[in-house]
Amino acid sequence: MTTEPPGSADLSGVFAYTWDLVGDPAAAERIASLGVGAVVLQAAYHSVRAMTPYHPVHRTVHATHAAAYFPLDPRQWRGKRLRPAAPDWGVDAPDRFGTATSALRDQGLRVEAWLVLTHSTAAGERAPDLTVRNAFDERYGYALCPAQPEVAAYAAQLVSAFCERYDAAEVPTLMLEACGWLGFEHGSHHEKTAGADLSAGCRDLLSICLCAACREGIEARGGDSAGLAQAVRRTVDAEMRDGVRAPDTLAESLGERAAQALLRHRQWVIEDLTRQVAAVAPGRELLLMADGDPQATGPDSGLDLGRFGGRATALVLKCWDEENRAVARVEEAVRDSERPVIANVSVLDEHPTDLARRVARLLAAGARQIRYYHAGLSSPARLRALRMANAQEAVRAIAGAGTRTTEGAA
Ligand SMILES: [Zn+2]
């Protein structure tokens, strides 16, 4: 099967929040001036405190809980424990996503809806039994467990509600974040976990969900969930209390058989979630934020990319860390997966002057497109770097136009 990559060939994009646009008549033109072709626009998003350096009304926005930025029909959500809340920050508008989308489309920009599925403390507080539960029976209230049918149904309903509101001509693409498990890492403002100096292996163990649905899933794939929980507790305690560093891999900590059962369970649940989302989003491209390490949990779904049997038009790989590692990650994903790979590049963490080189290397490694993070959060110097890196990408695209196709997709 020969399929085009998302949008036109070599289309780059930039992330943006609705509050970067709503109430700022100059915002869409400013974003268009970056030279990108697409904007990944916040449609359902977790809590955050954000700078808005260019907005005429506000300088900071504090989204105090997860919210949907498009109007919801209360009748559709009546009686549901998991339901998106409405925002009450930033400049209000009856339809924030729609308002921002119109402005972006008027500038000729393609709009991609940015949907965060399982990360919501507000929802977790209403339904604690549906949150991730570690081997010590402790709940992570910010993380809904996707193995719970009610959570998957919520994610699908969220996407369905979105697609009913905006047709595929208006918003042809959905970018899925947290389409899987968030683990131990939270990244909130008030974390007090760093001082325990947990190793990556130990964090991975604390990221394993052992809720009833996950125990069942692990058992169904030949694992012993009680034995697995015991092994996690033993290894975590040995590191935290006695300084015996946990092994790097789950196979070493848990045994090969248990680790394989866990990873097969996770892979299947994530694949199934993408299928449920795709079923309610006909005619849309699905960009899946993914991590080629099946052991990984977080906003990027940890997957064995070579075996991924779910639905995704393309895979979006986070390339925010050290440059050589990011390049190697993209090379590996391009080799393993038949789907196009898109590199998610941060303009925030990177020294802006290195951005153009990083982008050039990621494209050389096989990334088909770039999504820059983030149009609204960046200083003028960072936006200049973004514009330069993107201009270089555009030159390359013109040079290579018409010569490339992609094998395989959703
Ligand atoms: Zn679970």
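The values are calculated or read from the model by the stated rules, or taken from the named source; none is laboratory data. A quick note: this is a predicted structure, and the numbers were derived from the prediction, not measured. A quick note on method: Cβ atoms are made from the backbone with ideal geometry, for glycine too, and the neighbour counts reach across all protein chains shown. Quick note on the areas: whole protein, heavy atoms, side chains included, nothing else; ligands and nucleic acids left out. Shrake-Rupley method; radii C 1.70, N 1.55, O 1.52, S 1.80 Å.
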_Compute for the range 263-375: radius of gyration divided by Kirkwood radius, i.e. Rg/Rh, restricted to C-alpha atoms, rounded to two decimals._
0.98
*Long-range amide H contacts for V14: which residues qualify at under 5 Å (H placed 1.01 Å from N, peptide plane, sequence gap of 5 or more or a different chain)?*
A38, V39, V40, Y372
*Return the long-range amide H neighbours of D291 (sequence gap of 5 or more, or a different chain), with a cut-off of under 5 Å between placed amide H atoms.*
S301, G302, L303
_Residues of the chain: accessible area per residue with a 1.4 Å probe, Å²_ = 41 Å²
_Whole-percent carbon and sulfur share, accessible surface of the range 213-359, 1.4 Å_ = 46 percent
*Just how many % of Cα pairs in the range 155-255 lie over 15 Å apart, if you round to the nearest whole percent?*
71 percent
_Spin-label model distance (nm) - D167 vs A86, 7 Å beyond Cα toward Cβ_ = 2.6 nm
*Most mobile of R368, R384, R311 in a GNM of the chain (Cα contacts under 10 Å)*: R384
_Diffusion constant of the chain at 20 °C, which comes from Stokes-Einstein with the Kirkwood Cα-pair radius and 1.002 mPa s, µm²/s_ = 98 µm²/s
_Among S199, S47, S207, which one shows the highest mean-square fluctuation when the chain is modelled as a Gaussian network with alpha-carbon springs under 10 Å?_
S199
*Gaussian network model of the chain, springs between alpha carbon atoms under 10 Å - residue of L174, L144, L34 with greatest fluctuation*: L34
*Towards the positive end of the charge dipole of the chain, with charges on Cβ (+1 Lys, Arg; -1 Asp, Glu), say which of A113, Q230, V269 has the farthest Cα.*
A113
*Of all accessible surface on the range 56-172 at a 1.4 Å probe, what whole percent is carbon and sulfur?*
49 percent
_In the range 222-261, trypsin sites (Lys or Arg not before Pro) in a DSSP loop with at most 16 other beta-carbon atoms within 10 Å_ = R245
